[in-house]
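Working notes for the structure below.
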Amino acid sequence: MRILLMGNLNVGKSTLFSRLTGINVIISNYPGTTVEFKKGKMKLGREIVEVIDVPGTYTLEPISKAEIVAVKMLKEGDLIINVIDATNLERNLYLTLELLEKNKPMIVALNCWDEARHKGIKINIKKLQKLLGVPVIPTVALTGEGIKKLVSYLKKARKNPIKLKRKEKWAFIGKIVKEVQKIRHKDHTFLEIAEDLTIKPLTGIPVGTVILILSFFVVRFIGESLSRIFDYLFNFYTPIANWLGNHLSGFLKEILIGTLIDGKIDYLQSMGLLTTGIYVPIAVVLPYIISFYFVLGLLEDSGYLPRLATLVDTILHKLGMHGLAIIPMLLGLGCNVPGALSTRILETRRQRFIAATLMAIAVPCMAQTAMIFAILAPYGIKRIGIIFATLFIIWLILGILLNNILPGGTPETFMEIPPYRIPYFKGVLKKLWMRTKGFIFHALPFVFLGVLAMNILYTTGIISAIAKISSPIVVKLLGLPKEAIAALIVGFLRKDVAVGMLLPLRLNLKQLIIACTILTIYFPCIATFVTLLKELGIKDMIKSAIIMMVTSILVGSFLNIIL
Amino acid sequence: MEISLINLPEGKKAVIKKLEGGREFLRKLEALNIRVGKIIKKITGQPFRGPIVIEVDNTKVAIGRGMAMRIYVEPEK
């Protein structure tokens, strides 16, 4: 059996889905589309049934891709749980009536029941049930209230194929709302006041700035703490690595353990598969990945991001994008791969191209950022600031240029801003786990590959050959030693490993800043490259790549002159 | 007196009187329950021709200026 969860956006559908299903959730694209949906399993009596979180829609009419997919999925489902928001009955019921028309067994979860109570909204469940002809169960997905009852009522799901025209639907909804809903005026709650304050520019912009700065420090604090713990744990591993180092020799030792620094293993510089190859991803990068995605999950699930998107909409329109394009940028700060994937939320190809290109060029991923911090920290935070300020300026200038050069315009913003909600903590942790798992499985193999490739490139002498050819650019224009070319090559596999490779080169501060900036801009890592290629297509990817290389040479030379 | 949503003062409630635009535009509005006869409240407008934020029932919606211009309302007294 296949159960479909259907409803408007921002009605707590995903939280309900988290409640119903176990840990094994699969996120995939609907065949032939870029629309994502979630699939999970649930125990119903003795049976294991499939639960699908259908993309949120307001209607079944084909307004966007989400509706087209929802209609297709509807045909493949056996039972519908229509999730509706009790604080917004009227709007939600339109989809409910459309779903009833499809003549499938259906049950209604009247979610956000507690919120409705707080807002002074009273709904007569019995009457609503009678008018709709299907069971209606009040639920609070956040706390779990009513979920058991909802599950036990699944077998009582009913069909009630009432067919109405559009106008008749609204008239019927008007009648339902009038009969079942009573609203008592209540004073604004704290969250409601906060909702208004964070969307008005005069208060919203300062608050938004504080939230972003605060997020940065929380990410850094959690990241540093975790990093210290993981680093400590490596103390127990060092004897094993030393023992291996003593018993291996030649090429194998070179690859697995790497170069000893002052007679000892240096986890950041030795560049062996079993030293740097596991230390960098686990003790340097993973802590920041975890802390970044944790904070991002809180921002997402509280409903803050659409507000941020509205506040920055004006600026982003100057760069040829919607306010919502802030989401690929933020996600890109974690890892450029999900950043590239999330450009799909933008409607037009032009917007997706600009967003993907800007993200790939100017948004460093957390793996790289963590390494930049690790290497430049001794020089102080101001120096690190130069890199990020440069990237931000590139982002702005390039965005304005692209917006003026590329034909076409940016469609207008039109989006719902959901109310603030306390995030469902288990849901946040589940998402964090999925994303961290994604990082471990996608990134670790590439770290190994990167370290391996670097060793092979060195021992075979390929590096010195390439270094000779490209030395005019690297040495003359960018002011870097020609050995730095190795880092640029490995940067295609993993940027964090590449930043690490700068360490043994004994660069001065200026060279380090230039090298770190160039490593961000010149080309995405292979995982991002493959994703971008799929998302943009080969033609746009080539365009994007040309922009990347030209920008990196220009910016690198510029920094080399002024610093 | 009908005025464009753009000219509605901040914090003021109004009844929607007329929506001008193509079928797709109207459907988009309707999906979010922005229909003739509904009462809406203007929460704010973002500076430098940024989007207008309105409240309809218990939902807030950000609407680009060009779209907001085509929504005509009558302010509540």
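The values are calculated or read from the model by the stated rules, or taken from the named source; none is laboratory data. Everything numeric in this text was worked out from a predicted model, so none of it was measured. Here the Cβ is made from the backbone with ideal geometry for all residues, glycine too, and neighbour counts use every protein chain on show.
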For this session: Can you work out which of the residues in region A:195-204 that are crowded, with 16+ Cβ neighbours inside 10 Å and either touching a residue at least 24 places away in the same chain (Cβ under 8 Å) or part of a helix (DSSP H, G or I) (or both) is farthest from the other protein chains (Cβ to nearest Cβ)?
Result: A:Thr198
Exercise. Would a scan of region A:238-256 turn up a residue that is outside any loop (DSSP other than H, G, I, E, B) and closer than 21 Å to A:Leu502 by Cβ?
Worked result: yes
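Counting residues that are within 14 Å of another protein chain (Cβ to nearest Cβ), touching a residue at least 40 places away in the same chain (Cβ under 8 Å) and buried (at least 22 other Cβ atoms within 10 Å of the Cβ), which helices (runs of 4 or more DSSP H) fully inside region A:81-188 reach at least 2?
Here the list reads A:89-101.
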Exercise. In region A:351-393, which residues are surrounded by fewer than 20 Cβ atoms within 10 Å (Cβ to Cβ) and either under 18 Å from A:Lys318 (Cα atoms) or touching a strand residue (DSSP E or B) at 6+ places or on another chain (Cβ under 8 Å) (or both)?
Worked result: A:Leu391, A:Phe392, A:Ile393
For this session: Return a yes/no flag: does region A:281-293 have any residue that is assigned by TED's automatic domain parsing to the domain that holds A:Pro504, among the hydroxyl-bearing types (Ser, Thr, Tyr) and under 15 Å from A:Val447 (Cα atoms).
Result: no
Exercise. Just checking, how many residues over region A:23-65 are among the hydroxyl-bearing types (Ser, Thr, Tyr) and closer than 30 Å to A:Trp170 by Cα?
Worked result: 4
Exercise. Quick check, is A:Leu316 assigned to a helix (DSSP H, G or I) and either outside the structural domain of A:Ala389 (by TED's automatic domain parsing) or more than 29 Å from A:Phe446 (Cα to Cα) (or both)?
Worked result: yes
For this session: Within region A:501-558, work out how many residues are assigned to a helix (DSSP H, G or I), farther than 16 Å from A:Leu480 by Cβ and in contact (Cβ under 8 Å) with a residue 60 or more places away in the chain.
Result: 13
For this session: Identify all residues within region A:30-65 that are in contact with a strand residue (DSSP E or B) (Cβ under 7 Å, 6 or more places away or on another chain) and among the charged types (D, E, K, R); write none if there are none.
Result: A:Glu36, A:Lys38, A:Lys39, A:Lys41, A:Glu50, A:Asp53
Exercise. From A:Lys382, A:Lys426, A:Lys430, which residue is more than 14 Å from chain B (Cβ to nearest Cβ), more than 28 Å from A:Ile199 (Cβ to Cβ) and free of Cβ contacts under 8 Å to residues at least 12 places away in the same chain?
Worked result: A:Lys382
For this session: Please give the number of the condition A:Ile422 fails out of (1) surrounded by fewer than 17 Cβ atoms within 10 Å (Cβ to Cβ); (2) in a helix (DSSP H, G or I); (3) of a type outside the set (S, T, N, Q).
Result: (2)
Seminar exercise, completed: When restricted to A:Leu319, A:Leu346, A:Leu396, A:Leu341, the only residue in contact (Cβ under 8 Å) with a residue 24 or more places away in the chain and in contact with a strand residue (DSSP E or B) (Cβ under 9 Å, 6 or more places away or on another chain) is A:Leu341
Exercise. Of a type outside the set (Phe, Trp, Tyr) and exposed (fewer than 12 other Cβ atoms within 10 Å of the Cβ) - does that describe any residue in region A:263-283?
Worked result: yes
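Rundown of residues vs (1) under 21 Å from A:Gly174 (Cα atoms); (2) crowded, with 19+ Cβ neighbours inside 10 Å; (3) more than 9 Å from chain A (Cβ to nearest Cβ), yes/no style:
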{"residue": "B:Pro9", "(1), (2), (3)": "no, no, yes"}
{"residue": "B:Ala14", "(1), (2), (3)": "yes, yes, yes"}
{"residue": "B:Gly37", "(1), (2), (3)": "yes, no, yes"}
{"residue": "B:Ile43", "(1), (2), (3)": "no, yes, no"}
{"residue": "B:Pro47", "(1), (2), (3)": "no, no, no"}
{"residue": "B:Ile52", "(1), (2), (3)": "no, yes, yes"}
{"residue": "B:Asn58", "(1), (2), (3)": "yes, yes, no"}
For this session: Would you confirm whether any residue within region A:5-28 is basic (Lys, Arg) and either more than 27 Å from A:His118 (Cβ to Cβ) or in a strand (DSSP E or B) (or both)?
Result: no
For this session: Could you check how many residues of region A:328-354 are within 14 Å of chain B (Cβ to nearest Cβ) and either at pLDDT 95 or above or outside any loop (DSSP other than H, G, I, E, B) (or both)?
Result: 1
Exercise. Can you spot a residue in region A:425-446 that is outside the structural domain of A:Gly12 (by TED's automatic domain parsing), outside any helix (DSSP H, G or I) and hydrophobic (A, V, I, L, M, F, W, C)?
Worked result: no
